[in-house]
């Protein structure tokens, strides 16, 4: 008695079958895109709009930053409102966002925040002030070189570089904090 042998064989499939498969796959891709709804830019705007209504101030700040990056003026308005608010975390998040955006349009508010008692708010304000070119910033940065917070002194020396304040920056080489010394040395090295 003979045992059945399983043989592996390959069926030859007609070219028409391949064409039907490609057409079905292409149709599926088209349907997938059509079912996604809005174009990508509008989807992004919708997500950012939803984000500015979130209960978390950090989410609202990041959504507003995104809106500002894509040119929506609503992002600017929301950042300013949060910056003028009482939520410390929100203010610090806005200052960080403005630094990332290299935004100095809010100079009067930022300069005011540089004098706050809260060290974190003050440090973020000085970080942003260090990249601003407003002549009022020079006096604030000079004052910052004497601050008890090393991070503020570091930002101050870095910011004074654009005012070509070599003599003041040299004083930073004798700071007690090594990172402040390094910041002052970097600033002097670029002058």
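No lab work stands behind these numbers, since they all come straight from the coordinates. On a predicted model such as this, the values are computed, not experimentally measured, just so you know. Note that each Cβ is placed from the backbone with ideal geometry, even for glycine, and that neighbours are counted across all protein chains shown.
Contact order normalised by length for segment 66-106, with contacts defined as Cα pairs under 8 Å and 6 or more residues apart; what percent is it? Write out the running numbers ahead of the final one.
Details: 21 pairs, mean separation 10.4, N = 41.
Relative CO of segment 66-106 lands at 25 percent.
Put in order of Cβ neighbour count within 10 Å, fewest first, the listed residues 171, 55 become 55, 171.
Where Rh is the Kirkwood radius over the Cα pairs of segment 31-151, the temperature 10 °C and the viscosity 1.306 mPa s, what D in µm²/s does Stokes-Einstein return?
Numbers: Rh = 15.5 Å.
Calculated translational D: 103 µm²/s.
Going by how many other beta carbons lie within 10 Å of each one, how would you line up 154, 105, fewest first?
Numbers: 154 28, 105 12.
The fewest-first ordering by Cβ neighbours comes to 105, 154.
Each Cα pair under 8 Å and six or more residues apart adds its sequence gap; the mean of these over the residue count of segment 93-137 is a relative contact order of 40 percent. Under the definition of Cα pairs under 8 Å and six or more residues apart, what whole-number percent is the relative contact order of segment 45-182? Averaging sequence separation for qualifying contacts and normalising by length gives 13 percent for segment 45-182.
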